[in-house]
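The values are calculated or read from the model by the stated rules, or taken from the named source; none is laboratory data. As the structure is a computational prediction, the values presented were derived from the model and not from experiment. All Cβ positions, glycine included, derive from the backbone under ideal geometry; neighbour counts span all protein chains shown.
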């Protein structure tokens, strides 16, 4: 699905390459974590996949296309098969939740009736049913990220890129977002996620590609984040960190209270999934695994149903 | 769907940039008014020429008594000389001259007494004070020079006169006025291009968030840029329509209702001519907008 062959990227002549001879192969339906310190080349990797940048050397293949030979007028069609989620959500502040998601379909010229059916479906899937008329600033961070994910996924892309999607969120909310991404991944969508969040990486146990100053230093399946100290740069003594009281253990760990709105959204997403499941397939065998699997299968079910309806309409 | 969406975007953009849009409208309005004025002046000149050149003649004045011209050294033109000249006109100038009319001294005196029955400035002239002449109507008034080359300097001919010369100062003035209008139009058009460019750039920058997302989700270049192009085109078009309206009013009230009433023997431009140049003005406006938006957008909303 995504293949990098000895890819290098140098932004300015003579500067240190942002990517240096990187070869990575991500197959269809995989979930890959991209980890590494800031400046290690994670974002460059994602930008190359989107063809926002062209590699200085090597070849990038995405969804069967050779990006170095892709003419610029075909870039839009490439991007229609890729969904992107960012740390800062990038929602349009003047548009409601529904309009934000619909926007992604409108600008690629989807007919109105498709938008009318698809947008509520995807909003229900991310658990924002009933909040269609809200504006982004009326939502919590987690909910905003759900809108962003809905927008990225509404056109059913083959690939979903996520650039630190949980970077602005507390751990509990992050977990909800991760469950959502996992569910999307199980529909067959390839997910590549750049992150600094070691807890999430350790919990998910997916493939981990670690970049360091532009090179792949680790590529493991079922992996963990790794030693935080070895991945993130060591900070020497500085006046600020060396302030009086440094080293004294905090009496209490900072407690983060998760956003209640987002928990609600998560419950709604699960409930929506479960509800659709019972409606669609009442006598379905319960799945053998217990951990969140029923919800995931329901999502798949919804998607299959969607495909069937669409195919029927086109026929 | 697409059309409606694009139009909504365009309307939003126009509303958000209202003051800039208004300035674009006004600048295109003024510049195209100048373009239109230049075109109308040219039309007026053509009309006058068409009208008046049908009436003008070339006068070949024959030597009177006591003329100081070198060709008149022998005194008044003799009948023999008149016959020779008539022969020359009939043979050598047959392609150029449509009709020939010989005005004898008697004819001239008759015309004179009709014009000034009480004598000219207090002196009563006699038939002998008159001058006989050939009045030549040319097939094409522009070919005066040919007649002049053939007849000037022949014995018995005092001077060859082109009546067109009477109009030259007027046409010169009209021509200069239209040149001036065209020059001002050029300057204003340049200002319009720069202003449209700035407006589109401003609009593009203020909607960078939208266009960024459009590009990420795979909207085509045309789809991203079309709203901006339409914005510029609509503003320029409104300016062009205003210019057409302004010229229409000017022609209707200044020329048709006022000039034509006071000086009615001249053919003037009318509102029909304004409608004829309207497509030109609108075309210029659209071209202006398209060129400046393509230049700007390629720089600011590239994929």
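Within segment B:215-225, take every residue that is assigned to a helix (DSSP H, G or I) and crowded, with 19+ Cβ neighbours inside 10 Å and give me the one that is farthest from the other protein chains (Cβ to nearest Cβ).
The selected residue is B:225.
Which condition number does residue A:114 fail, the rest of (1) within 13 Å of chain B (Cβ to nearest Cβ); (2) in contact with a strand residue (DSSP E or B) (Cβ under 6 Å, 6 or more places away or on another chain); (3) surrounded by fewer than 24 Cβ atoms within 10 Å (Cβ to Cβ); (4) in a helix (DSSP H, G or I) being met?
(2)
Any residue in segment B:252-268 that's at pLDDT 85 or above: show its pairings with residues that are part of a helix (DSSP H, G or I) at Cβ separation under 6 Å, as long as the two are six or more apart or on different chains.
B:252/B:271
Restricting attention to helices (runs of 4 or more DSSP H) lying wholly within segment B:101-210, give those where 1 or more residues are more than 30 Å from residue B:71 (Cα to Cα).
B:105-115, B:168-206
Kindly indicate whether any position in segment A:150-161 is out of contact with any helix residue (DSSP H, G or I) (no Cβ under 8 Å at 6 or more places or on another chain) and farther than 29 Å from residue A:26 by Cβ.
no
Matching residues to (1) free of Cβ contacts under 8 Å to residues at least 12 places away in the same chain; (2) over 30 Å from residue B:278 (Cβ atoms):
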{"residue": "B:53", "(1), (2)": "no, no"}
{"residue": "B:65", "(1), (2)": "no, yes"}
{"residue": "B:73", "(1), (2)": "yes, yes"}
{"residue": "B:86", "(1), (2)": "no, yes"}
{"residue": "B:90", "(1), (2)": "yes, yes"}
{"residue": "B:95", "(1), (2)": "no, yes"}
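Report the residue count in segment A:71-94 for those that are closer than 23 Å to residue A:60 by Cβ and without any contact (Cβ under 8 Å) to a residue 60 or more places away in the chain.
Residues that pass the stated criteria total 9.
All but one of (1) buried (at least 21 other Cβ atoms within 10 Å of the Cβ); (2) within 14 Å of another protein chain (Cβ to nearest Cβ) hold for residue A:48, so report the exception by its number.
(2)
Go through segment A:146-168 and give me each residue that's surrounded by fewer than 24 Cβ atoms within 10 Å (Cβ to Cβ) and away from every other protein chain (no Cβ under 14 Å).
Selection gives A:164, A:167, A:168.
Have a look at B:142, B:158 and point out the one that is modelled with pLDDT under 80, under 38 Å from the mean Cα position of the chain (by Cα) and within 30 Å of residue B:51 (Cα to Cα). Even if it seems obvious, please write down each step before you answer.
Numbers: B:158 fails: modelled with pLDDT under 80.
From the options B:142, B:158, the qualifying one is B:142.
Tally the residues that are in contact with a helix residue (DSSP H, G or I) (Cβ under 9 Å, 6 or more places away or on another chain) and touching a residue at least 24 places away in the same chain (Cβ under 8 Å), restricting the search to segment A:50-70.
7
Of all residues in segment B:226-245, which are within 14 Å of another protein chain (Cβ to nearest Cβ) and surrounded by fewer than 23 Cβ atoms within 10 Å (Cβ to Cβ)?
Within segment B:226-245, B:226 is the sole residue that qualifies.
Do any strands (runs of 3 or more DSSP E) entirely within segment A:188-254 hold 1 or more residues that are modelled with pLDDT of 85 or more and farther than 19 Å from residue A:177 by Cβ, and if so, which?
Hits in segment A:188-254: A:207-212, A:215-220.
For the structure I just gave you, tell me whether residue A:184 is part of a helix (DSSP H, G or I), at pLDDT below 95, under 26 Å from residue A:115 (Cβ atoms) and touching a strand residue (DSSP E or B) at 6+ places or on another chain (Cβ under 7 Å).
Criteria met by residue A:184.
For segment B:125-139, which residues satisfy the criterion of being surrounded by fewer than 16 Cβ atoms within 10 Å (Cβ to Cβ) and modelled with pLDDT of 80 or more?
Scanning segment B:125-139 gives B:135, B:137, B:139.
Looking at this structure, is residue B:274 touching a helix residue (DSSP H, G or I) at 6+ places or on another chain (Cβ under 8 Å) and modelled with pLDDT under 85? Break it down into steps so the answer makes sense when it comes.
Numbers: touching a helix residue (DSSP H, G or I) at 6+ places or on another chain (Cβ under 8 Å): yes; modelled with pLDDT under 85: no.
Taking the combined requirement at face value, the residue does not satisfy it.
Taking the stated definitions as given, is residue A:123 buried (at least 18 other Cβ atoms within 10 Å of the Cβ), more than 14 Å from every other protein chain (Cβ to nearest Cβ) and either touching a helix residue (DSSP H, G or I) at 6+ places or on another chain (Cβ under 9 Å) or on the phi > 0 side of the Ramachandran plot (or both)?
In short, yes.
Just one of (1) modelled with pLDDT under 95; (2) assigned to a helix (DSSP H, G or I) trips up residue A:130, so point out which.
Only one criterion is unmet by residue A:130, namely (2).
Taking residue A:22, is it in a strand (DSSP E or B) and closer than 30 Å to residue A:168 by Cβ? Even if it seems obvious, please write down each step before you answer.
Values: in a strand (DSSP E or B): yes; closer than 30 Å to residue A:168 by Cβ: yes.
Judged against the criteria, residue A:22 is a match.
Which of the residues spanning segment A:92-101 are surrounded by fewer than 24 Cβ atoms within 10 Å (Cβ to Cβ) and either touching a helix residue (DSSP H, G or I) at 6+ places or on another chain (Cβ under 7 Å) or within 14 Å of chain B (Cβ to nearest Cβ) (or both)?
Looking only at segment A:92-101, we keep the residues that are surrounded by fewer than 24 Cβ atoms within 10 Å (Cβ to Cβ), and these are A:92-96, A:98-99.
Passing the criteria: A:92, A:93, A:94, A:95, A:98, A:99.
Could you tell me whether residue A:75 is at pLDDT 95 or above and not in a strand (DSSP E or B)?
Criteria not met by residue A:75.
Any residue in segment B:138-167 that's at negative phi and touching a residue at least 60 places away in the same chain (Cβ under 8 Å): show its pairings with residues that are in a helix (DSSP H, G or I) and surrounded by fewer than 18 Cβ atoms within 10 Å (Cβ to Cβ) at Cβ separation under 6 Å, as long as the two are six or more apart or on different chains.
Close Cβ pairs (under 6 Å, with a partner that is in a helix (DSSP H, G or I) and surrounded by fewer than 18 Cβ atoms within 10 Å (Cβ to Cβ)) amount to B:141/B:53; B:150/B:92; B:160/B:148.
Just to be sure before I move on: is residue A:77 surrounded by fewer than 16 Cβ atoms within 10 Å (Cβ to Cβ), within 14 Å of another protein chain (Cβ to nearest Cβ) and closer than 26 Å to residue A:182 by Cα in the structure I sent?
Spelling it out, residue A:77 is indeed surrounded by fewer than 16 Cβ atoms within 10 Å (Cβ to Cβ), within 14 Å of another protein chain (Cβ to nearest Cβ) and closer than 26 Å to residue A:182 by Cα.
Helices (runs of 4 or more DSSP H) wholly in segment B:1-97 with at least 3 residues that are more than 14 Å from chain A (Cβ to nearest Cβ) and surrounded by 19 or more Cβ atoms within 10 Å (Cβ to Cβ) - which ones?
Answer list for segment B:1-97: B:18-53.
Any idea which of B:168, B:210, B:161 is buried (at least 16 other Cβ atoms within 10 Å of the Cβ) and within 30 Å of residue B:143 (Cα to Cα)?
B:161
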